[in-house]
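Have a look at the structure below, then the notes.
The values are calculated or read from the model by the stated rules, or taken from the named source; none is laboratory data. Being a predicted model, the structure only gives us computed values, none of them experimental. Counting neighbours? That spans all protein chains shown, and the Cβs are built from the backbone with ideal geometry, glycine included.
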Amino acid sequence: MATTVSVIDQIESEIRAIETNASLGAEANFIGRAEAIDQIEFHIIDRINATQSCSDDLIDLKRHAISLIDDLAAINENIFRRLRTGIIDGSLRGESLRREFDRYVGERGAGHRGYDHLDVFVNGLLRFDTMPQETRAREPEMVFYQPTPARVILELIEMIPITPQDIFIDLGSGLGQVCILVHLLTGARTHGIEFEPTYCDYACESARRFNLSHVEFVNGDARAASYMDGTIFFMYTPFKGAIMENVLQKIEQESRGRTVQICAYGECATQVSNQPWLSLVAQRREGTDALAILKRNHVEEQK
């Protein structure tokens, strides 16, 4: 009993500290709210659940904690609602959108390599519904879906010039976030190719809700897709082995006679970099968390 009372006192103190932190109500303090929500979910509510106690005090504390999450999330949702309106009416694009990211989650070039608060912000802004369930069995060389870190998308845009004249193709486009962000920040036409039907449907609905007519998604196998119009290709290890070789061969064949760039992130970067028809033109660091930018090697093509 003494242990339970001690836990209740600790949890009450932690909730009170968050509740009385006036800085969390400031709209610009998105990171503070994100961290507070994480603390409530994973250090307060999880601890309450772990006690396996049905005491009224713990039940009331859990309700209080959930209510506090709702209050903090409501501040964020007001931000997302305002930004979504700008995206839908076309007023929030390019540098204006990028400045909003910097305002809420830190300046560009912050040095992050994986997931961080920018992903929380972008997910809150772009996702309308919960993630759908997979319905189609993957082949062994197809990789389980994992969203591209938002910092990688921004890094890609910094490393290569992408213009409204480009056709950007994301292989294994998942819920469509890469295509949507690249279009919003650069104006390029973007196309996603996604094997899982429910993911593709979700991405199509997102593009429709945001009124993005130059963002398209196709449900299909990357080995059967057309790459005739693509100028920039992105892949975050959607598949590997023979499937990757097959797709790369198809891109090579259908892009002959024009300049194309392939942006590879994750484990697939090594396999892509080993293609004799491609030359590495940019890579800021080494390792599987490094984004590799490769361009068609015209010398190899002329042999």
(Q) Looking at 273, 213, can you tell me which residue is in the same structural domain as residue 186 (by TED's automatic domain parsing), loosely packed, with under 15 Cβ neighbours inside 10 Å and polar (S, T, N, Q)? (A) 213
Q: Specify which of the listed residues (91, 53, 13) is touching a Ser or Thr at 6+ places or on another chain (Cβ under 7 Å) and not β-branched (Val, Ile, Thr).
A: 53
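Please verify whether residue 179 is assigned to a helix (DSSP H, G or I), modelled with pLDDT of 95 or more and surrounded by 24 or more Cβ atoms within 10 Å (Cβ to Cβ), treating the condition exactly as stated.
Details: assigned to a helix (DSSP H, G or I): yes; modelled with pLDDT of 95 or more: yes; surrounded by 24 or more Cβ atoms within 10 Å (Cβ to Cβ): yes.
Considered against the rule, which asks whether it is assigned to a helix (DSSP H, G or I), modelled with pLDDT of 95 or more and surrounded by 24 or more Cβ atoms within 10 Å (Cβ to Cβ), residue 179 comes out as yes.
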Q) Just wondering, is there one or more residues in segment 66-82 that are farther than 19 Å from residue 37 by Cα and of a type in the set (A, V, I, L, M, F, W, C)? A) no
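Please work out if residue 162 is touching a residue at least 60 places away in the same chain (Cβ under 8 Å) and either outside any loop (DSSP other than H, G, I, E, B) or touching a helix residue (DSSP H, G or I) at 6+ places or on another chain (Cβ under 8 Å) (or both). Before you say what the answer is, go through the steps one by one.
Details: touching a residue at least 60 places away in the same chain (Cβ under 8 Å): yes; either outside any loop (DSSP other than H, G, I, E, B) or touching a helix residue (DSSP H, G or I) at 6+ places or on another chain (Cβ under 8 Å) (or both): yes.
Yes.
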Q. Is it the case that segment 108-118 has a residue that's touching a Gly at 6+ places or on another chain (Cβ under 8 Å), surrounded by 17 or more Cβ atoms within 10 Å (Cβ to Cβ) and over 23 Å from residue 284 (Cβ atoms)?
A. no
Q: Identify all residues within segment 143-157 that are surrounded by 13 or more Cβ atoms within 10 Å (Cβ to Cβ) and either in contact with a helix residue (DSSP H, G or I) (Cβ under 7 Å, 6 or more places away or on another chain) or free of Cβ contacts under 8 Å to residues at least 60 places away in the same chain (or both); write none if there are none.
A: 145, 147, 148, 149, 150, 151, 153, 154, 157
(Q) Out of 130, 135, I need the residue that is over 22 Å from residue 92 (Cβ atoms), part of a loop (DSSP other than H, G, I, E, B), touching a residue at least 60 places away in the same chain (Cβ under 8 Å) and not aromatic (Phe, Trp, Tyr). Which one? (A) 135
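Between 148, 130, which is β-branched (Val, Ile, Thr) and modelled with pLDDT under 95?
Working: 148 fails: modelled with pLDDT under 95.
Of 148, 130, the one residue that is β-branched (Val, Ile, Thr) and modelled with pLDDT under 95 is 130.
Only one of these is under 28 Å from the mean Cα position of the chain (by Cα) and either surrounded by fewer than 11 Cβ atoms within 10 Å (Cβ to Cβ) or not in a helix (DSSP H, G or I) (or both): 24, 72, 92. Name it. It would help to see each step written out before you state the result.
Values: 24 fails: either surrounded by fewer than 11 Cβ atoms within 10 Å (Cβ to Cβ) or not in a helix (DSSP H, G or I) (or both); 72 fails: either surrounded by fewer than 11 Cβ atoms within 10 Å (Cβ to Cβ) or not in a helix (DSSP H, G or I) (or both).
Sole residue among the options that is under 28 Å from the mean Cα position of the chain (by Cα) and either surrounded by fewer than 11 Cβ atoms within 10 Å (Cβ to Cβ) or not in a helix (DSSP H, G or I) (or both): 92.
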